[in-house]
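Q: Okay, handing you the structure first.
No lab work stands behind these numbers, since they all come straight from the coordinates. Quantities reported herein were computed from a predicted structural model and do not represent experimental measurements. All Cβ positions, glycine included, derive from the backbone under ideal geometry; neighbour counts span all protein chains shown.
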Amino acid sequence: MRKKIGLMDYGMGNVLSVSKAFEFLGADVVLSSEPAELAKSDAVVLPGVGNFGDGMTELSKRSLDAFTLSWIESGKPFMGICLGLQLLMERSEEAPGLAGLGVFKGDTLKFPKSDLKVPHMGWNQVEIRPAGAGRFSGVPDGSHFYFVHSYYVKPDDDNVVACTCEYGIEFAAALSSGNVFATQFHPEKSQECGLSLLRNFLETIGD
Amino acid sequence: MLKHRVIPIVLLDGYSVLKTIQFSTRRNLGNPITVARIYNTRNVDELVLLDIDASKYGEKIDEFTISEVASECFMPLTVGGGLRTCEDISSVLAKGADKVVLNTVLLDKPEFVAESSQQFGAQCIVASVDVRKSGDGRYEVYSHAGRDFDTPLLDWIMELEELGAGELLLNSVENDGLMTGYDLNLIHMVAETVSIPVVAAGGLSSPSDAVSAVDNGAAAVAAASVFHFTDITPDDLKLEMKSSGLPVRI
């Protein structure tokens, strides 16, 4: 049976490429902003590009914040991409005083001032950590992924870091814990390596 | 560390692929979806799709083509051709584009860079600058609409950066399609003047040209003819760049 991906539509950036990538891998994608509709899927994906504060506001407008938390609590597969990773943290320097989803303890921080350009945009290599072993199955250490971001996540618990990337500083490029996987980079724009990650994610859905 | 990109450019005249020589003589090369599919299998770093007739005819790049390409090419996609408003940009982004190339519109309305950059983020806005040499050898900004554009090149690119362009796509009209090498002086001059990434285009003939372009300050190298008409592939460029010690994604 084809696996069904619930793709959260909350007005934050382009979701088409994520949708096309999962379809390319043989899944059905339901793009929706309705918790009831998303709840019918086998796995839920939170994509997104843009501002942390706007993202939280748009999620809560649609009750998707509560939905995300209860979905994750249920133990079913969940994936966040880019802003969809940052929103899982407790807070962000991009929107001081505003609470994030708090799925991971820790912060979303701005890249420190340096000669390096922000946003960090382009192809960069990741170093896979033990927490990412299954998620990155079939993806060689040092593979390149496509990044576009000005903020990065810093979880309190280093053991949830699935891979790291280096851009002036070393930062967490993906987090993984139980049923939750989230990437700072865009797997849907990262050619074969990105598709492998999405394929691995689909495989975490039981048959 | 970020990698230097190798970017094939696919030019369209509405619905089919073509390649020009010095912006005029055209050769038709068939279906854009097929061409994009080949680049996808070649694992390129980014693809640029440009409709070079859209502005002239008051149209914009075909959205069906964008979404078909985006359906099977899982890489950053940059599109341009006749995009004049934020609504135009929104609609191509919704079809799967990641960045847009602005060119003709900027000659009339440079402030559109600021407006679009504010709305979509500088990372989304690529300002394209076509340059030719005037009779006395000075570089000047070439206008597709055929009208006079008097702003000196360096003033123009500084203005584009100031207004919020995230990247410059720099093309040499004289070198376009000839495969005789990039205009390295031009690349050097432009890259020295702005701090945003400069994507070199126009004339690449061999893998070593890619190295020279980066040595002269280009952040990325773009090409079309050499991939359409010779057996050189994007990977050949990257291997040469790598062996010269430049960071690339292999």
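Q: Report, by chain and number, residues whose modeled amide H sits under 5 Å from the one on residue B:79, excluding near sequence neighbours (fewer than 5 apart, same chain).
A: B:49, B:98, B:99, B:100, B:101
Q: So what J values fall out for segment B:50-66 if you push phi through Karplus, 6.51 cos²θ - 1.76 cosθ + 1.60 with θ = phi - 60°, rounded to Hz, Gly and Pro as x?
A: Each residue's phi maps through the Karplus curve to give 10, 8, 7, 9, 4, 4, 4, 9, x, 10, 9, 3, 5, 6, 4, 4, 4 Hz.
Q: Which residue fluctuates the most in chain A, going by a Gaussian network model with Cα springs under 10 Å, if the choices are A:110, A:61, A:76?
A: The residue with the greatest mean-square fluctuation here is A:61.
Q: How many nm is it between the label spots at residue B:144 and residue B:246, if each spot is 7 Å from the Cα in line with the beta carbon?
A: So the label points at residue B:144 and residue B:246 sit 2.6 nm apart.
Q: Taking amide H positions as placed in the peptide plane 1.01 Å from N, state which residues far from residue A:162 in sequence (5 or more) or on other chains have amide H under 5 Å from it.
A: A:174, A:175, A:176
Q: Still on this structure: Normalised by the number of residues in chain B, what is the relative contact order in percent for Cα pairs under 8 Å and 6+ residues apart?
A: 19
Q: How high is the relative contact order of segment B:112-196? Use alpha-carbon pairs under 8 Å, at least six apart in sequence, and give a whole percent.
A: This gives 34 percent for segment B:112-196.
Q: Here is a further query. With springs only between Cα atoms under 10 Å apart, run a GNM on chain B and tell me which of B:217, B:96, B:135 wobbles the most.
A: Among B:217, B:96, B:135, the largest mean-square fluctuation in the Gaussian network model of chain B belongs to B:135.
Q: OK, next. Just to check I understand the Karplus step: with θ = phi - 60° and J = 6.51 cos²θ - 1.76 cosθ + 1.60, what whole-Hz values come out for segment B:216-229, glycine and proline as x?
A: Here the 3J(HN,Hα) series is 8, x, 5, 8, 8, 10, 10, 7, 9, 3, 4, 7, 6, 10 Hz.
Q: Percent antiparallel among DSSP beta bridges with both residues in segment B:5-243, to the nearest 5?
A: Taking every DSSP beta bridge within segment B:5-243, about 25 percent pair in antiparallel fashion.
Q: Charges at C-beta only: +1 for Lys and Arg, -1 for Asp and Glu. How large is the resulting dipole of segment B:95-233 about its Cα centre, in Debye rounded to 20?
A: 340
Q: Sticking with this one: Once you've got the GNM for chain B with C-alpha springs shorter than 10 Å, pick whichever of B:178, B:49, B:160 has the biggest mean-square fluctuation.
A: B:178
Q: Got a sec to turn the phi values of segment B:147-164 into Karplus ³J(HN,Hα) couplings, 6.51 cos²θ - 1.76 cosθ + 1.60 with θ = phi - 60°, whole Hz, x for Gly and Pro?
A: Here the 3J(HN,Hα) series is 9, 6, 9, 9, 4, x, 3, 5, 4, 5, 5, 5, 5, 4, 5, 4, 6, x Hz.
Q: For the pair residue B:31/residue B:162, report the inter-label distance in nm, with labels modelled 7 Å from Cα in the Cβ direction.
A: The answer from the label model is 4.8 nm.
Q: May I pose another question? According to the square roots a ≥ b ≥ c of the eigenvalues of the Cα gyration tensor, what is the shape class of segment A:1-57, taking rounded for a/c under 1.5, prolate for a/b larger than b/c otherwise, and oblate for the remainder?
A: Oblate.
Q: Efficiency by 1/(1 + (r/R0)^6): what FRET value for residue B:239 and residue B:114, r their Cβ-Cβ distance, R0 = 45 Å, to the nearest 0.05?
A: E(calc), rounded to 0.05, equals 0.70.
Q: Residue A:43's amide H: which non-local residues (gap 5+, or another chain) put their own amide H closer than 5 Å, with H modeled 1.01 Å from N in plane and none for Pro or chain starts?
A: Amide H to amide H, under 5 Å and 5 or more residues apart or across chains, residue A:43 pairs with A:4, A:6.
Q: What is the sum of charges around residue B:237, taking Lys and Arg as +1, Asp and Glu as -1, for the other residues whose C-beta is under 15 Å from the C-beta of residue B:237?
A: So the environment of residue B:237 carries a net charge of -2.
Q: Also, I was wondering about something else. Assign one of three labels to chain B, namely rounded, prolate or oblate, based on the Cα gyration tensor with a ≥ b ≥ c the square roots of its eigenvalues; rounded applies when a/c is under 1.5, prolate when it is not and a/b is larger than b/c, and oblate otherwise.
A: Because its axes are fairly even, with a/c under 1.5, chain B counts as rounded.
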